[in-house]
Amino acid sequence: MWAMLASDVLFFIAFFVAEALPKGKTGFGADGIKATGDPPASNYGALVSDLSKDILKKALKKTGNPVKKRAGWMNDHLKRYIGDNFFVWPVSRIFILESKKRGGKAIRTYLMVLGKRYKYIESMGHEEYPLAERITSLDEFLKDSLLDGEKLSYKNEAFCIEAANYALCYYVEAYRKNPDKKCYMDQGKPKVEALYNNGASKAFDKLQHEFSTNHDVIEKVFHDMNDENYEIIYPNARERFVALCNKLYEL
């Protein structure tokens with residue numbers, strides 16, 4: 001117990017040290033691409049990241065549910081890291097779409113909803129930061145967060161961190177309470193496309209609103225998310241979730 005407590009304390013120390021670093025020392029340059037060429041001794045952002053990852057590695061070895069631990073670490077970083085050079089931020093919400101096992105591998109899939117971000121341009125004022133650039137930043141951040149034995153892949157419009165015994169996947173929508181865009185990587189390039197009122201975030205809010213007093217209905221949607229028959233029809237988990245929600249409203 002004390003060892004786990006000490007690990008958590010070290011994690012938060014590492015997190016707040018990263019927040020206190022001068023701009024430009026977080027591992028990301030002004031253009032949102034990971035900075036390269038810095039001597040190891042001066043790259044403080046990378047040093048803190050390595051410390052945090054070392055703590056995570058030890059925690060993963062001790063837990064019986066590594067994908068849950070991995071997801072907690074990643075979600076905390078995505079939601080709470082608010083450095084000026086972390087262009088993914090702000091993350092409005094993250095919620096789970098599915099949790100399952102396939103072929104001996106534990107899989108967790110989340111929907112991440114971004115809030116709007118603005119930048120100040122002299123003589124022009126505040127301008128919305130390009131969403132495509134933020135998706136590129138997310139891609140770089142996920143690559144930088146990989147542990148030994150993990151790889152980042154792109155499946156059915158999701159970002160997936162894969163290890164031998166688990167996979168952690170993220171779908172992305174924007175913005176906030178009324179997302180009208182989906183975001184993903186395709187052949188190394190960021191893609192931003194209209195949702196046409198077919199977003200998982202809106203579907204989830206509607207599900208909670210209409211069936212807030214009937215938890216069995218909500219639980220059935222998440223149960224059916226793991227149904228292999230639905231997976232064959234909708235390999236894209238975000239689209240599967242929307243389809244299952246819409247199916248309820250048609251009854």
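The values are calculated or read from the model by the stated rules, or taken from the named source; none is laboratory data. All figures in this text were calculated on a predicted structure; none of them were measured in a lab. Positions of Cβ are generated from backbone atoms using ideal geometry, with glycine treated the same way; all protein chains shown enter the neighbour counts. All accessible areas refer to the heavy atoms of the entire protein, side chains included, with ligands and DNA or RNA removed. Shrake-Rupley method; radii C 1.70, N 1.55, O 1.52, S 1.80 Å.
A few points about this structure:
- Between ASP144 and LYS105, the modelled labels are 2.6 nm apart [label points 7 Å from Cα along Cα→Cβ].
- 5 angstrom amide H check on GLU98, placed H, neighbours 5+ away: THR109
- Extension gain for the segment ASN214 to LEU152, taken as residue separation times 0.36 nm less the Cα-Cα distance, is 18.6 nm to one decimal.
- Neighbours of ARG240, meaning other residues whose beta-carbon lies under 10 angstrom from its beta-carbon, give a summed charge of -4 when Lys and Arg score +1 and Asp and Glu score -1.
- Close Lys pairs in the stretch 150-232, defined as Cα atoms under 23 Å apart and 8 or more places apart or on different chains, number 21.
- Contour excess over end-to-end distance, with Cα ends at ASN178 and ASP227 and 0.36 nm allotted per residue: 14.8 nm
- Euclidean distance of C-alpha centroids, the stretch 142-170 and the stretch 187-232, integer Å: 21
- With protein chains left intact and a 1.4 Å probe, residues in the stretch 132-235 average 54 Å² of accessible area per residue.
- Global form of the stretch 104-251, assessed from the alpha-carbon gyration tensor, a/c cut-off 1.5: oblate
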